[in-house]
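Scroll down for the structure; my scribbles are underneath it.
The values are calculated or read from the model by the stated rules, or taken from the named source; none is laboratory data. As the structure is a prediction and not an experimental result, all values here were calculated from the model. Cβ placement follows ideal geometry from the backbone for every residue including glycine, while neighbour counts extend to all protein chains displayed.
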Amino acid sequence: MTCLPEITPGQKQLGLVIDLDTCVGCQACATNCKEWNASGHSGPLPDLKPYSAGAEGVWFNRVHSYEAGEGEAGRTVHFPRSCLHCETPDCVTVCPTGASYKRIEDGIVLIDHDICIGCGLCAWACPYGAREMDEDEGVMKKCTLCIDRIYNETIPEAQRQPACVLTCPTSARHFGDLGDPESKVSKLVAERGGQPLMPELGYKPVNSYLPPRNRSSAAAQPEEASPTPMDIKNPLLRWMDKVLTR
Amino acid sequence: MNPAPSIVFFTTASGAGYGLLFWLGLLRPLGLVAMSPMAALVALVLALVLITAGLLSSTLHLGNPKRAWRAVSQWRSSWLSREGVAAILTYIPALLLGLGLWVDAPALALIAGLLAAAGAFATVYCTGMIYASLKPIRQWHHPLVVPGYLALSAFSGAVLLAMLAAFSGSGAVPALLAILTGAAALLLKRAYWQAIDTAPPIATIESATTLGFIGKTRPLDPPHTEQNYLLREMGFRIARKHATKLRLIAQLGGFALPALLALLALLAGGTAAALALTLGAILALAGLLVERWLMFAEATHTVTLYYRGS
Ligand code: SF4
Ligand code: SF4
């Protein structure tokens, strides 16, 4: 059913918290996501022309890198992008078949691949580009929050987490219930000022992004920062600089 | 957005078919178009052929066409589903109208005609809403999109009906309607283009990444070096100068010339009218194909903020 479940305060909303301060852009989360999901609930994930030019495929997680700010205040920020398991996502309501749905019990947004007709409308309705068409099977695919890991009683309890979270070498990814204000992830969001992506679209993403921390003061200038002879334009001053530094 | 040929053809053909069905169902009972039952039947067949060809073409766009029947189940929330329901329901009065014309039962033709007109209107309205309800695409999520779909469908339908009516004697009322709806569609499109050209973006790369607090943000490294579904489907962009030319072609060829030819037909009458309106109908449909193509090509999706920063 593609009508959205009513969400009451405190209701379980599983999701991810991604720390943009510590993410190093190593692509481990994207790689392990592909590895796990190629054979799990959503498998197989197609790869078109995998061994030749123009290789491409379906991935649930894509790691971008951005530059923000100018000069010294500027930062390079690595930015993983995947489904945000929004509270009020139009990707669910636009679906004509009922294949796209949001679970009442934990808020995970899923696709029933046996019903999906591959119309692609849900991918148009997602502002974040979280859905990719499996052109082999003709059905839409997306992040499941590793539904086949997090409830999987055949693996050790410590591993019942999304593959991306487990693999991240800098622990930049956290998984938990963001509907519960007392959960570890909710507290992390409150403490670090976690932000939703594109709140102006009104989808109320559950996943939250922790901002890069402020750098410690820019006071300590590296030695190279002082002017070199080539920076002195006036030839007379340049000669004096040369003589005096001898 | 990628202008997939199957969808461009679908909205043009089905739009014209529903427009024709709408005017036929509405004007004939009111006695405003003097067509013999046989001529009206020909018009109805043309409408249904256009509608059906369009609908079939739209299923080609699906990844799993054999499951298409499932698409009518979610009418409570999905405009695509509602469109499917409306399209199927409209066949019922349309076929009854055909029966009424075939056995020459005016009362049946009247009621079925009016119901078919209502169904045609509802279906095109739903088509427009599919696009208008997509928030990430600002050129579609716009109050003029649904009126645009309705006006274009009414216009192309009126031109087709005027052409057919001219062959069977009197196409005065539909020709007049073609002029009026053509002018209305042209004004509406111009207002729409002006609006989307001047509107601010709905989101920015800063709000998409949360990094605005650091400063201006720009993409550095892409997540992948090859294409993917998102870039193919939503990354399609058309150069400004091409868009400007195509807009002109759509306005002149698609609206202005057909309306002018309809005016000529109105004045000339007879065989000349039928020929002018045939040319007008061909031009209008070709112009609408250009306009529909542009509707996709000029639309931008917020996902491109992540890849291109704009
Ligand atoms: S991120 Fe996109 S696919 Fe995921 S729930 Fe939100 S709108 Fe739907
Ligand atoms: S592609 Fe599948 S899941 Fe997406 S809207 Fe169409 S039928 Fe629903």
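The conditions are (1) crowded, with 16+ Cβ neighbours inside 10 Å; (2) under 13 Å from the mean Cα position of the chain (by Cα); (3) over 22 Å from A:LEU110 (Cα atoms), and A:SER82 fails exactly one of them. Which is it?
Just one mismatch for A:SER82, condition (3).
Just to verify a result, which residue in the range B:125-170, among those that are modelled with pLDDT under 95 and polar (S, T, N, Q), is surrounded by the fewest Cβ atoms within 10 Å (Cβ to Cβ)?
B:SER170
Of the residues that make up the range A:64-76, is at least one more than 10 Å from ligand 1 (Cβ to nearest atom), more than 8 Å from chain B (Cβ to nearest Cβ) and under 22 Å from A:GLN195 (Cα atoms)?
No, the range A:64-76 contains no residue that is more than 10 Å from ligand 1 (Cβ to nearest atom), more than 8 Å from chain B (Cβ to nearest Cβ) and under 22 Å from A:GLN195 (Cα atoms).
Do we find a residue being facing chain B (nearest Cβ under 10 Å), touching a residue at least 12 places away in the same chain (Cβ under 8 Å) and under 16 Å from A:ALA38 (Cβ atoms) anywhere in the range A:143-166? First the steps, then the outcome.
Just the residues of the range A:143-166 that are facing chain B (nearest Cβ under 10 Å), to begin with: none.
Looking for residues that are facing chain B (nearest Cβ under 10 Å), touching a residue at least 12 places away in the same chain (Cβ under 8 Å) and under 16 Å from A:ALA38 (Cβ atoms), one finds none in the range A:143-166, hence no.
Does A:THR76 fit the bill of being hydroxyl-bearing (Ser, Thr, Tyr), surrounded by fewer than 24 Cβ atoms within 10 Å (Cβ to Cβ), touching a strand residue (DSSP E or B) at 6+ places or on another chain (Cβ under 8 Å) and part of a loop (DSSP other than H, G, I, E, B)? Working first, answer last.
Working: hydroxyl-bearing (Ser, Thr, Tyr): yes; surrounded by fewer than 24 Cβ atoms within 10 Å (Cβ to Cβ): yes; touching a strand residue (DSSP E or B) at 6+ places or on another chain (Cβ under 8 Å): yes; part of a loop (DSSP other than H, G, I, E, B): no.
Judged against the criteria, A:THR76 is not a match.
Quick check, is A:GLY118 at positive phi and more than 7 Å from every other protein chain (Cβ to nearest Cβ)? Step through it out loud before you land on a result.
Values: at positive phi: yes; more than 7 Å from every other protein chain (Cβ to nearest Cβ): no.
In short, no.
Residues that are in contact with a His (Cβ under 7 Å, 6 or more places away or on another chain), surrounded by fewer than 24 Cβ atoms within 10 Å (Cβ to Cβ), in a helix (DSSP H, G or I) and in contact (Cβ under 8 Å) with a residue 40 or more places away in the chain: does the range B:299-309 have at least one? Can you show your working first?
Here is the first cut: in the range B:299-309, the residues in contact with a His (Cβ under 7 Å, 6 or more places away or on another chain) are B:306.
Adding the requirement that they be surrounded by fewer than 24 Cβ atoms within 10 Å (Cβ to Cβ) leaves B:306.
This time we only want the ones that are in a helix (DSSP H, G or I), so: B:306.
Keeping just the survivors that are in contact (Cβ under 8 Å) with a residue 40 or more places away in the chain gives B:306.
For the range B:299-309, residues in contact with a His (Cβ under 7 Å, 6 or more places away or on another chain), surrounded by fewer than 24 Cβ atoms within 10 Å (Cβ to Cβ), in a helix (DSSP H, G or I) and in contact (Cβ under 8 Å) with a residue 40 or more places away in the chain: present.
Suppose the filter is surrounded by fewer than 19 Cβ atoms within 10 Å (Cβ to Cβ) and facing chain A (nearest Cβ under 7 Å); does B:GLU226 pass it? Step through it out loud before you land on a result.
Values: surrounded by fewer than 19 Cβ atoms within 10 Å (Cβ to Cβ): yes; facing chain A (nearest Cβ under 7 Å): yes.
Criteria met by B:GLU226.
Within the range A:89-126, restricting attention to residues that are near ligand 2 (Cβ under 6 Å from one of its atoms) and either among the small types (Gly, Ala, Ser) or modelled with pLDDT under 95 (or both), which residue is nearest to A:VAL139 (Cα to Cα)?
Checking each candidate, the answer is A:GLY118.
Pull up the range B:229-240, narrow it to residues that are in a helix (DSSP H, G or I) and within 14 Å of chain A (Cβ to nearest Cβ), then point me to the one that is surrounded by the fewest Cβ atoms within 10 Å (Cβ to Cβ). Break it down stepwise before answering.
Restricting attention to the range B:229-240, the residues satisfying the condition of being in a helix (DSSP H, G or I) are B:229-234, B:240.
Within this subset, residues satisfying the condition of being within 14 Å of chain A (Cβ to nearest Cβ) are B:229-234.
Numbers: B:TYR229: 23, B:LEU230: 22, B:LEU231: 19, B:ARG232: 13, B:GLU233: 19, B:MET234: 24.
Filtering first and then ranking leaves B:ARG232.
Among the candidates B:ALA286, B:ALA272, B:ALA268, B:ALA243, single out the residue that is at pLDDT below 95, surrounded by fewer than 17 Cβ atoms within 10 Å (Cβ to Cβ), under 21 Å from the mean Cα position of the chain (by Cα) and not β-branched (Val, Ile, Thr). Spell out how you get there, then give the answer.
Details: B:ALA286 fails: at pLDDT below 95; B:ALA272 fails: under 21 Å from the mean Cα position of the chain (by Cα); B:ALA268 fails: under 21 Å from the mean Cα position of the chain (by Cα).
B:ALA243 is the lone residue from the list that is at pLDDT below 95, surrounded by fewer than 17 Cβ atoms within 10 Å (Cβ to Cβ), under 21 Å from the mean Cα position of the chain (by Cα) and not β-branched (Val, Ile, Thr).
State the number of residues belonging to the range A:121-140 that are within 8 Å of another protein chain (Cβ to nearest Cβ) and either over 23 Å from the mean Cα position of the chain (by Cα) or of a type in the set (Lys, Arg) (or both).
Adding up the residues that qualify gives 3.
Any residue at all in the range A:44-67 that's in contact (Cβ under 8 Å) with a residue 40 or more places away in the chain, farther than 22 Å from B:GLU226 by Cα and not in a strand (DSSP E or B)?
No, that holds for no residue.
Starting from residues that are at pLDDT below 95 and not in a helix (DSSP H, G or I), keep the ones in the range B:78-111 and report whichever is surrounded by the most Cβ atoms within 10 Å (Cβ to Cβ).
B:ALA105
Given the options B:LEU80, B:LEU26, name the one that is more than 14 Å from chain A (Cβ to nearest Cβ) and out of contact with any strand residue (DSSP E or B) (no Cβ under 6 Å at 6 or more places or on another chain). Quick ask: steps written out before the conclusion?
Numbers: B:LEU80 fails: more than 14 Å from chain A (Cβ to nearest Cβ).
That would be B:LEU26, the only listed residue that is more than 14 Å from chain A (Cβ to nearest Cβ) and out of contact with any strand residue (DSSP E or B) (no Cβ under 6 Å at 6 or more places or on another chain).
Specify the residue that is surrounded by the fewest Cβ atoms within 10 Å (Cβ to Cβ); the eligible residues are those in the range A:85-115 that are of a type outside the set (D, E, K, R) and within 7 Å of another protein chain (Cβ to nearest Cβ).
Looking only at the range A:85-115, we keep the residues that are of a type outside the set (D, E, K, R), and these are A:85-86, A:88-89, A:91-101, A:104, A:107-111, A:113, A:115.
Subsequent filtering for residues that are within 7 Å of another protein chain (Cβ to nearest Cβ) retains A:93-98, A:115.
Details: A:THR93: 20, A:VAL94: 25, A:CYS95: 30, A:PRO96: 28, A:THR97: 27, A:GLY98: 21, A:ILE115: 17.
The residue in question is A:ILE115.
Mind checking which pairs have a first residue in the range A:68-79 that is of a type in the set (D, E, K, R) and a second that is assigned to a strand (DSSP E or B), Cβ under 8 Å, 6 or more apart or different chains?
Final answer for the pair search is A:ARG75/A:GLU67; A:ARG75/A:ALA68.
Would you mind telling me which numbered condition in (1) surrounded by 22 or more Cβ atoms within 10 Å (Cβ to Cβ); (2) of a type in the set (A, V, I, L, M); (3) closer than 21 Å to B:THR123 by Cα B:ILE7 fails?
(1)
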